[in-house]
Amino acid sequence: MDQMNNVPNVTYITFGGHVELQKYRFLYFVMTSSVYVLILCSNSTILCLIWIRKSLHQPMYAFIAALLLNSLLLSTNVYPKLLVDLLSDVQMTSYLACRIQALIYYSLCGSEFLLLAAMAYDRYVSICKPLRYRTVMGKRTVTALLVLAWLLPSCQLVPSLILGDGLKLCRYTLNGIFCNNAVTKLSCVTSAGPYIIYGVIILVNTIFVPLAFILFTYCKILVISSRRGSDARKRAVQTCAPHLLVLISFSCLCSYDVIVARLEIDLPKAARSIMTLQVVLYQPLFNPIIYGLKMKEIHKHLKRLLSRSRVCAFVLP
């Protein structure tokens with residue numbers, strides 16, 4: 001390991017979280033690869049449905065498709081390297097590659113909140129200002145919201161990648177199984193004040209502001225729909241419920257990540273490893289289930305697709 005660290009211009013770090021996983025690494029590999037395949041299949045199926053069916057070519061479904069694509073990107077950022085490490089005797093990566101993986105990870109997490117905020121705005125215009133919906137939520141508006149949702153978090157995190165390039169490392173073992181916010185604890189930083197302020201600014205811009213906007217928007221939707229009668233309120237709840245479920249689940253999972261990756265909590269390495277996988281384990285599976293079951297149009301097309309698959313399986317020898 002020391003020889004690896006002394007390679008010119010390249011610094012390598014190891015993942016300490018794999019120590020307790022090595023005994024059953026083939027079992028973990030089978031379980032992890034099965035989950036990743038399930039994530040790919042479930043999210044891709046609904047993505048393809050939205051792409052193919054013209055009745056789903058609406059702003060709301062475009063945002064759902066973006067959310068599912070975001071889940072695929074988030075999973076692909078973690079799972080392939082994790083699967084390789086589970087089969088390797090030594091789990092290591094370059095310090096630069098680790099910081100890039102962490103940047104992509106948190107950038108996509110921030111994009112999730114911004115996409116949910118865009119979906120909340122779409123529902124607000126649709127329910128509260130239906131006559132102006134087609135004018136307000138045109139292709140340019142939808143495209144602009146999608147671009148901002150993916151670019152804003154990454155643009156805010158790029159400076160951390162540049163600033164961290166010149167930091168000296170005091171540790172070369174990451175307490176985890178993939179690169180997340182714990183990578184900042186490897187550097188020899190005497191004063192953490194500027195980094196804390198920088199982190200708070202990012203959290204406010206990509207999490208707390210979108211979260212406050214979402215809650216305010218849905219409260220406004222409930223108030224306005226309640227004035228229009230019980231039927232309008234019921235339709236509003238049915239439309240907004242899937243988005244709120246996704247928001248609540250993702251917020252809870254992100255809090256797990258902050259607790260495990262950033263705070264010093266004495267946990268067994270196996271338990272810590274499982275908790276750090278919460279965001280890329282449950283959310284990419286939760287999104288297609290929620291939108292596949294709760295969104296009537298998507299559910300209808302899924303039922304047709306499954307029924308056709310059964311007929312084909314029955315007819316073909």
Legend entry - Whichever residue in region 183-203 is more than 13 Å from T14 (Cβ to Cβ), assigned to a helix (DSSP H, G or I) and among the hydrophobic types (A, V, I, L, M, F, W, C) and, among such residues, is modelled with the lowest pLDDT: I196
Inset, instruction - Only residues that are under 19 Å from M295 (Cα atoms), open to solvent by less than 70 Å² (accessible area, probe 1.4 Å), among the polar types (S, T, N, Q) and without any contact (Cβ under 8 Å) to a residue 60 or more places away in the chain: list them for region 208-256, please. - result: S249
Inset, instruction - Go through region 118-153 and give me each residue that's within 17 Å of the chain's Cα centre (by Cα) and either at pLDDT below 90 or open to solvent by less than 10 Å² (accessible area, probe 1.4 Å) (or both). - result: A118, M119, A149, P153
Legend entry - Those residues of region 55-71 which are open to solvent by less than 20 Å² (accessible area, probe 1.4 Å) and over 16 Å from G292 (Cα atoms), in sequence order: N70
Inset, instruction - Select, from T45, T11, T93, T76, the only residue that is within 30 Å of K139 (Cβ to Cβ) and at pLDDT below 90. - result: T45
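Answer yes or no as to whether A241 is farther than 26 Å from C48 by Cα, modelled with pLDDT of 75 or more and touching a helix residue (DSSP H, G or I) at 6+ places or on another chain (Cβ under 8 Å).
So A241 fails the test.
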Legend entry - Selection count where residues are modelled with pLDDT of 70 or more and either outside any helix (DSSP H, G or I) or open to solvent by less than 40 Å² (accessible area, probe 1.4 Å) (or both), scope region 286-317: 9
Inset, instruction - Kindly indicate which of I39, I52, I13 is open to solvent by less than 70 Å² (accessible area, probe 1.4 Å) and either of a type in the set (K, R) or closer than 28 Å to L146 by Cα (or both). - result: I39
Inset, instruction - Would you confirm whether any residue within region 168-181 is assigned to a helix (DSSP H, G or I) and over 20 Å from the mean Cα position of the chain (by Cα)? - result: no
Inset, instruction - Would you please name the residue that is least open to solvent (accessible area, probe 1.4 Å), looking only at residues in region 82-99 that are part of a helix (DSSP H, G or I) and out of contact with any helix residue (DSSP H, G or I) (no Cβ under 7 Å at 6 or more places or on another chain)? - result: Y95
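The values are calculated or read from the model by the stated rules, or taken from the named source; none is laboratory data. Every value quoted in this text rests on a predicted model; they were computed, and no experiment measured them. Every residue, glycine among them, receives a Cβ derived from its backbone with ideal geometry; neighbour counts consider all protein chains shown. The protein model used for the area step is the full one, side chains on, heavy atoms only, and it has no ligands, DNA or RNA in it. Shrake-Rupley method; radii C 1.70, N 1.55, O 1.52, S 1.80 Å.
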